[in-house]
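Please treat every number below as a calculation from the coordinates, not as lab data. Here the structure is a predicted model, which means the values were calculated and not measured. Neighbour counts are summed over all protein chains in view; Cβ atoms, including those assigned to glycine, are modelled from backbone coordinates with ideal geometry.
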Amino acid sequence: MIDARIRAQIERNWHSVRDEVHRAAGQCNRDPDSIRLIGVTKYVDSETTRVLAEAGCTELAESRPQVLWQKAESLSIPAVRWHLIGHLQRNKVRRTLRQRPIIHSIDSERLLRAVAEEAESQNQVASILLEVNISGDAAKTGLPPMELARLLECLPTSGVRVLGLMAMAGWGTETADARRQFDQVRDLRDELQQRLGRKLPELSMGMSGDFREAIAEGATMVRIGSRLFEGVSERS
Ligand SMILES: *Cc1c(COP(=O)(O)O)cnc(C)c1O
């Protein structure tokens, strides 16, 4: 059972983060409704996740596919849209697609083809983003910009819909550097749109520590975890 104190804390956190996202949008003359606030629930159990959804956060993200399945099945809240933001192994594509999440972490051609093929056999079109490694950090996941361009040129013609790009600033990046990296992601997106003549409307970038910078650089999806669970005992 979730006690009333934790419930009240999560509601407060949700409202304050939502207000900050709206303010950040206002400061750069963007429509707050053009930014989706995605709650990253990887730090907490299913019941705590439910409390966040009931507070009004109906876009939820997990980084591990198994946890996404388990929470999606056990919570079973029709209004919730799930997002997968961590690495997806090809042997987990089938079960993941059954939950119809938006997949932010497509980071190889093999994975892209596996998702397209499985989506077709499930009679659906998977919504995906291509993850770009903008920081150039070899330890990080994501496609180098050159490979990403090549991949977009040879996309499967059915089974997937590419909504845009996802990126993370390098670990321990100062906010000014994070902003430069987000600016590079947006430039890359603009250039790809021009070159390929197709829209890539979504930019998934910005987390608890740098969502303001990401919004200033055009993020349409911010993925926020720790800020939403401040003051809540963390179980996982
Ligand atoms: C954990 C995680 C987040 C959320 O990070 P916070 O700093 O806790 O807000 C966002 N994106 C990805 C890919 C993550 O793994």
In terms of Cα to Cα distance under 25 Å, which lysines are near enough to Lys140, apart from those fewer than 8 places away along the same chain?
Lys42, Lys92
proj_area_mean for the chain (convex hull on C-alpha atoms), units nm², value 12.6 nm²
Average projected area of the Cα convex hull of segment 1-125, in nm²?
8.7 nm²
Taking R0 as 25 Å, what's the FRET efficiency between Arg95 and Thr157 from their Cβ-Cβ distance, rounded to 0.05?
0.50
Label point distance in nm, Gln124-Lys199, each placed 7 Å from Cα along Cα→Cβ:
2.2 nm
Residues other than Pro32 with Cβ under 12 Å of its Cβ, Lys/Arg counted +1 and Asp/Glu -1, net out at 0
Cβ charges +1 (Lys, Arg) and -1 (Asp, Glu), total dipole of segment 97-236, debye
380 debye
Place a point 7 Å from Cα of Arg180 in the direction of its Cβ. Which residues in segment 147-169 have their backbone N less than 15 Å from it?
169
Relative to the Cα centre, what is the charge dipole magnitude of segment 36-98, using +1 at the beta carbon of each Lys and Arg, -1 at the beta carbon of each Asp and Glu, and rounding to the nearest 20 debye?
440 debye
Cα centroid distance between segment 1-72 and segment 159-234, in Å?
17 Å
Ranked highest first by the average count of other Cβ atoms within 10 Å around their residues, in what order do 172-182, 46-56 fall?
46-56, 172-182
So for segment 136-213, what are the equivalent ellipsoid semi-axes in whole Å, largest first, each being the square root of 5 times an eigenvalue of the Cα gyration tensor?
24, 13, 12
Starting from the Cα of Glu20, step 7 Å along the direction of its Cβ; do the same at Asp190; then give the gap between the two resulting points in nm.
2.8 nm
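As a test of understanding, state the convex hull volume per residue of segment 98-236 from its alpha carbons, in Å³.
126 Å³
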Along each principal axis of its Cα atoms, how long is segment 140-185 end to end? Whole angstroms, biggest number first, please.
40, 18, 17
Mean Cα-pair separation over length for segment 138-236, i.e. relative contact order, pairs under 8 Å, 6 or more apart, %
25 percent
In percent, how large is the relative contact order of segment 43-112, given Cα pairs closer than 8 Å and 6 or more residues apart?
29 percent
Compare the Cα positions of His83, Asn123, Leu60 along the charge dipole of the chain (+1 at Cβ of Lys, Arg; -1 at Cβ of Asp, Glu; about the Cα centre) and return the one farthest towards the positive end.
Asn123
With only alpha-carbon atoms in the gyration tensor, what are the semi-axes of the equivalent ellipsoid for segment 106-150, in Å, largest first?
24, 9, 8
Considering only DSSP beta bridges with both partners in the chain, what is the antiparallel share in %, to the nearest 5?
0 percent
With +1 on each Lys and Arg Cβ and -1 on each Asp and Glu Cβ, and nothing else charged, work out how big the dipole of the chain is about its Cα centre, in Debye to the nearest 20.
540 debye
How much length is gained if the chain between Ser226 and Glu117 is pulled fully straight, taking 0.36 nm per residue apart and subtracting their Cα-Cα distance, in nm to one decimal?
35.8 nm
Run through all the Cα pairs of segment 53-114 and give the fraction in each 10 Å bin from 0, expressed as whole percent.
22, 56, 19, 3
